[in-house]
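Notes follow once the structure below has been shown.
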Amino acid sequence: MRVCVIGTGYVGLVTGACLSHIGHDVICVDNNEEKVKLMKAGRSPIFEPGLSEIMQSAIEAGRIQFTTDIAAGVAHGEILFIAVGTPPLPTGESDTRYVEAVARSIGTHLNGGYKVIVNKSTVPIGSGDWVRMIVLDGIAERQKTLVAPGAAVSEQKLSVSDADFDVVSNPEFLREGSAVYDTFNPDRIVLGGNSTRATDLMKKLYAPIVERQFAEDKSLSQVPVLVTDLSSAEMIKYAANAFLATKISFINEVANICDRVGADVTQVAKGIGLDSRIGNKFLQAGIGWGGSCFPKDVSALVHTADDYGYEAQLLKSAVSVNQRQRLIALEKLQQALKILKGKTVGLLGLTFKPDTDDMRDAPALNLIEQLNRLGAKVKAYDPIVSQSGMRDGLSGVLVETDPERLADGCDALVLVTDWNQFSSLDYGKMAKLMVNPVMIDGRNFLDPETMVRAGFKYIGVGRSSR
């Protein structure tokens with residue numbers, strides 16, 4: 001099938017590359033010329049395991065192209081994905097101007113033939129009908145231009161009444177760092193729309209994935225496909241992320257109580273996670289959630305509720321707990337070191353989660369800001385950031401090139417991101433390089449006994465000091 005993906009961020013690029021990998025003919029459109037040039041060379045502008053290899057394979061097979069020409073993309077695709085960013089505004093609502101610009105441009109360049117326009121961006125509930133209206137506005141604006149004095153009548157190919165397209169909501173449920181895996185091994189595929197013709201085309205598009213042809217375990221039953229209305233599909237995305245964020249805030253609240261009563265939250269999480277009604281995922285206590293999805297989506301859902309006269313108290317509390325949790329590491333540092341002014345603190349990890357280079361709303365940024373405010377010297381090491389030269393938002397921190405350099409001269413270390421390689425560092429050597437070998441494990445990732453044997457005073461989140 002012929003596919004156009006407009007926007008090549010985490011969602012758009014992974015979607016386009018993976019669809020080309022399963023056999024579709026894909027054009028990816030982005031308005032950033034440097035980014036397009038990079039992708040044409042088979043290089044991914046983002047760090048995502050497995051993505052560059054898939055891109056290079058698809059380029060060699062001639063199944064994917066990259067361009068800044070949206071007209072070419074619209075002409076090519078029978079299915080057009082809108083996958084641009086919807087960043088949060090100061091009010092908490094989503095900024096949909098990029099979606100609007102793309103929808104209007106699609107309308108401007110539609111040239112006949114049936115199209116399915118797919119909202120892959122996370123958009124406010126009700127955006128499906130809004131996108132349809134914007135596309136029709138784009139068609140109408142084009143007609144005004146074409147009927148202007150001197151315009152060639154032969155160019156008047158499409159009118160609003162002739163437009164043949166449907167809008168479908170197809171929310172993504174990809175985890176950064178596992179996005180390629182999640183695309184080929186989804187828990188479910190959600191399609192929201194009012195047209196059987198459109199949803200049937202989407203089922204055809206995803207058939208190889210639904211049938212587990214590219215799954216890690218091909219013996220599993222087919223991927224569930226939920227077909228629903230536009231608004232429900234849009235709500236599913238927000239509700240899923242809001243629930244997971246709330247689950248993390250819940251276990252962090254439990255961890256803070258455990259700290260006070262001497263219980264171990266890792267054991268508590270294991271005990272409640274064995275309950276099939278609860279499950280064991282997203283019950284890892286620590287210094288809170290961040291990234292581009294949870295903060296934005298929870299705030300957007302709260303804002304939508306406010307718009308319709310309802311106060312989402314549980315969701316507001318989840319956000320409040322998460323904001324407080326980011327300061328837990330700071331409190332533990334003050335308890336261990338007392339005065340932080342003049343002390344050196346090293347951060348293990350900077351990105352909001354492992355296996356990504358994404359620093360958006362990362363807890364590390366809050367920690368750096370507060371440590372600087374209190375007069376501490378801040379150093380950091382991150383497997384990706386340290387090698388990439390990324391320094392945006394990292395003022396007031398010395399980024400080291402290896403863990404030993406980080407530890408040298410530090411009064412304490414804080415594990416901020418649970419990168420897998422952090423489980424096998426030479427902590428005995430690192431402890432000897434420190435002024436005061438204190439480890440604040442902000443993700444409860446390390447083994448306390450191992451750290452004590454290495455010479456550290458180990459402090460977790462909600463873990464009994466015993």
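Miscellaneous remarks
- Taking other residues whose beta carbon is less than 13 angstrom from the beta carbon of Ser121, and scoring Lys, Arg as +1 and Asp, Glu as -1, yields -1.
- The GluC sites (Glu not before Pro) of region 165-225 that DSSP puts in a loop, and whose beta carbon has at most 15 other beta carbons within 10 Å, are Glu211, Glu216.
- Element breakdown for the chain at a 1.4 angstrom probe: carbon and sulfur atoms account for 51% of the accessible area.
- Figure note: Asp402, Asp355 ranked by solvent-accessible area, largest first, 1.4 Å probe, ligands and nucleic acids not counted: Asp355, Asp402.
- Point-charge dipole on Cβ atoms (K/R +1, D/E -1) for the chain, about Cα centre, debye to 20: 1060
- Rel. contact order, % - alpha carbon contacts under 8 angstrom, at least six apart, region 195-328: 23
- Cα long-axis angle, helix 230-261 against the chain (0 to 90 degrees, to the nearest 10): 0
- Put the Cα centre of region 31-63 next to the Cα centre of region 64-88 and the gap is 15 Å.
- Whole-angstrom gap from region 410-459 to region 322-384, using each part's C-alpha centre: 14
- Subtracting the Cα-Cα distance of Asp447 and Ala75 from their residue separation scaled by 0.36 nm leaves 128.3 nm.
- Coil-residue trypsin sites (Lys or Arg not before Pro) of region 233-288, DSSP, other Cβ within 10 Å capped at 16: Arg277, Lys281
- Relative contact order for the chain: 11 percent, from Cα pairs under 8 Å spaced at least 6 residues apart, divided by residue count.
- Note on Kirkwood radius over Cα pairs in Å: of the candidates [x] 24.2; [y] 23.4; [z] 26.2, the value calculated from this structure sits at [x].
- Residue separation of Glu34 and Lys204 scaled by 0.36 nm, minus their Cα-Cα distance, works out to 57.8 nm of gained length.
- Measuring nothing but alpha carbons in region 206-252 and taking Rh as the Kirkwood radius, the Rg to Rh ratio lands at 1.14.
- The trypsin sites (Lys or Arg not before Pro) of region 1-107 meeting both criteria, a DSSP state outside H, G, I, E and B (loop) and at most 14 other C-beta atoms within 10 angstrom of the site's C-beta, are Arg43.
- Along the chain, the exposed loop sites are chymotrypsin sites (Phe, Trp or Tyr not before Pro) outside DSSP states H, G, I, E and B with at most 13 other Cβ atoms within 10 Å, and the longest stretch free of them is 115-307.
- Antiparallel bridge percentage (DSSP; both residues within the chain; nearest 5): 5
The values are calculated or read from the model by the stated rules, or taken from the named source; none is laboratory data. Keep in mind it's a predicted model, so treat the numbers as computed, not measured. Cβ atoms come from the backbone with ideal geometry, glycine included; neighbour counts cover every protein chain shown. Accessible surface is based on the protein model in full, side chains and every heavy atom, while ligands, DNA and RNA are left aside. Shrake-Rupley method; radii C 1.70, N 1.55, O 1.52, S 1.80 Å.
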